[in-house]
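A quick write-up on the structure given underneath.
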Amino acid sequence: MKKYLVIGNPIEHSLSPRLHNYWIKENNINAVYEKKKLKEIDIKGIISEIKNGEIEGINVTVPFKKSVIPFLDELEFFAKKTQSVNTIYKKKD
């Protein structure tokens, strides 16, 4: 089963799992979308989980949109321009 997350702090209010899990179920996708409350110190580890295939992708919310950048291998044009990341995924290896 593929695993996707939204990360932030606070994160309790996020409706993303409800929305994404609805569409995952509607389209019979073997996946789950969860929310995870992190501390700044946890960012490197969660990015490692994407790199080693434990997590397929992450949506990023406050306050980590900028602080995830040093742990990423590449930034898309607008993420680089705004110094703000919304989505993290593994591209090839």
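The values are calculated or read from the model by the stated rules, or taken from the named source; none is laboratory data. Please read these numbers as outputs of a predicted model, since none were measured by experiment. Counting neighbours? That spans all protein chains shown, and the Cβs are built from the backbone with ideal geometry, glycine included. Areas reflect the complete protein model, heavy atoms only, side chains present, ligands, DNA and RNA absent. Shrake-Rupley method; radii C 1.70, N 1.55, O 1.52, S 1.80 Å.
Worth pointing out:
- Value of relative contact order over the chain, rounded to a whole percent, pairs C-alpha under 8 Å and six or more apart: 34
- Net lengthening on full extension, LYS90/ALA31 (0.36 nm per residue, minus Cα-Cα): 19.7 nm
- With the helix formula -39500 (n - 2.57) applied to DSSP H stretches of n ≥ 4, the chain reaches a computed 222 nm mean residue ellipticity of -8000 deg cm²/dmol.
- Partners for LYS90 among aspartates and glutamates (Cα-Cα distance below 18 Å; same-chain residues under 8 apart left out): GLU34, GLU49, GLU54, GLU56, ASP73, GLU74, GLU76
- Between LYS80 and ASN21, residue separation times 0.36 nm minus the direct Cα-Cα distance comes to 18.3 nm.
- The H on the amide N of ALA31, modeled in the peptide plane, is under 5 Å from the matching H of LYS2, each at least 5 residues off or on a different chain.
- Heavy atoms of GLU54 accessible to a 1.4 Å probe, total area in Å² rounded to 10: 110
- Cα-based helix-to-principal-axis angle, 16-26 vs the chain, degrees rounded to 10: 40
- Ordering SER14, SER84, PRO70 by Cα displacement along the dipole of the chain toward the positive end leaves SER84 in first place; charges were set at the Cβ atoms of Lys, Arg (+1) and Asp, Glu (-1).
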